[in-house]
Amino acid sequence: MSAPNKSYDPVEVEALKPEEIDRARDAALAAIAAAGDLEALREVKAAHAGDRSPLALANREIGALPPHAKAEAGRRVGQARGAVGQALKRRQEELEAERDERVLVEEAVDVTLPFDRVPAGARHPLTTLSERIEDVFVAMGYEVAEGPEAEAEWFNFDALNIAPDHPARTMQDTFFVQGPGESGGSGGSGEGESGVVLRTHTSPVQIRSLLERKPPVYVICPGRVYRTDELDATHTPVFHQVELLAVDEGLTMADLKGTLDHMVRSLFGEDLRTRLRPSYFPFTEPSAEMDMVCFACRGESVGNPDRPCRTCSSEGWIELGGCGMVNPRVLTACGVDPERYSGFAFGFGIERMLMFRHNVEDMRDMVEGDVRFTRPFGMEI
Ligand code: FA5
């Protein structure tokens, strides 16, 4: 503000010239009218009615005027500020009314819409994964086959070349339902005297498939199986397996290996490899354990303490399950000529695959039925 000056004339002070005051007022009114929302209006208010606005600065100059000039300048500035203040108030009311109307429309609740009173559930990831695996093989021309969970011992053991004294038949592994002779049996040769067990693997579906179809046979058999294992972080007495069986002329281990590679690449990633390690199963000869390169570290964690891998425990490989060429004795038991046909089979546990595929640390989470476990896997169908 300028110092008091008796000879001070408002028309000589730039900020107090009538045309300057009119210009400042008109600029303010135009900006107020142009403000499109409350935020813009707040900025206009600061620029045209705030402490550093042209009209506020002009108002400050009045104090330095001689008394005779104060009234006239004060009236002019006051009228301009009043007009701006009123315009601001009106525009504020208009914009608030527009906002309220918009909010009412946006937040309107259509009470006539149907309300989902039943909380949404979720598909179990075991089901989803099992279906994914089936899809891989159905796309290659395989057929989905099923068998009973309460199974004749003959299908579960004898026809698979598992002799009566094989350790898998002892009470530690098998839930026995009926002793030999108590059941009438329901199928193939020799099963009439067979007892009934809760199937310990999906391999009996191999036998049922071979008895029901003529080669070539290409089947995938997902299903629930039972073993007398305690429920803990890595075992459950009721779990799921997927079995694969191909019987045709001229099938070799190379076909088995190629099929495994295709499955692993479809489920885990394009550039992954598998390997076979010699093993023993009575129903396959030769038999192997199949491993895949760890999809998480791709083997880079091996011998590399700076890059430990939880998925494969830094071993670089993940064990998937058992496999092999169908034992000719199994083909013979099913009436298939082993001189003409050969086949391969493999089987693995879905719970175990779900554990390493999704980093599930405790198998018990899969059986407890808590929707908080299943929901994050989504509703993939
Ligand atoms: C078998 O059951 C063979 N029938 C697999 C097979 C099929 C071999 C065809 C050759 C040809 P094994 O007993 O290893 O094999 O079980 C296969 C898989 O079932 C294991 O790798 C494991 O992932 C899973 N498994 C076994 N016991 C349990 C259990 N208590 N809880 C969860 N998964 C289990």
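The values are calculated or read from the model by the stated rules, or taken from the named source; none is laboratory data. Predicted, not measured: the structure shown is a model, and the values here were computed from it. FYI the Cβ positions are ideal-geometry reconstructions off the backbone, even for glycines, and counts take in every protein chain you see. Surface areas here come from the heavy atoms of the whole protein model, side chains and all, with no ligands, DNA or RNA. Shrake-Rupley method; radii C 1.70, N 1.55, O 1.52, S 1.80 Å.
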For residue 140, all conditions in the list (1) surrounded by 10 or more Cβ atoms within 10 Å (Cβ to Cβ); (2) in a loop (DSSP other than H, G, I, E, B); (3) not assigned by TED's automatic domain parsing to the domain that holds residue 331 hold save one; what is the number of the exception? (3)
Per the list (1) open to solvent by 20 Å² or more (accessible area, probe 1.4 Å); (2) under 26 Å from the mean Cα position of the chain (by Cα); (3) at pLDDT 95 or above, residue check on residue 286 breaks on (2)
Filter result (of a type in the set (A, V, I, L, M) and either over 16 Å from residue 83 (Cα atoms) or open to solvent by 70 Å² or more (accessible area, probe 1.4 Å) (or both)) within region 34-50: 34, 35, 38, 40
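Filter the helices (runs of 4 or more DSSP H) completely within region 332-379 down to those with at least 1 residues that are under 26 Å from residue 276 (Cβ atoms) and not β-branched (Val, Ile, Thr).
Per the criteria, 350-358.
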Selected residue [over 21 Å from residue 319 (Cβ atoms) and either within 10 Å of the ligand (Cβ to nearest atom) or at pLDDT below 90 (or both)] from 228, 200, 252: 228
Give region 145-180 a look and list any residue that's in a strand (DSSP E or B) and open to solvent by 60 Å² or more (accessible area, probe 1.4 Å), or say none. 175, 176, 177, 178
Looking at (1) within 16 Å of the ligand (Cβ to nearest atom); (2) surrounded by fewer than 20 Cβ atoms within 10 Å (Cβ to Cβ), find the lone condition where residue 344 falls short. (2)
Mind checking which residues of region 318-341 are surrounded by fewer than 19 Cβ atoms within 10 Å (Cβ to Cβ) and more than 17 Å from residue 241 (Cβ to Cβ)? 328, 329, 332, 335, 337, 338, 339, 340
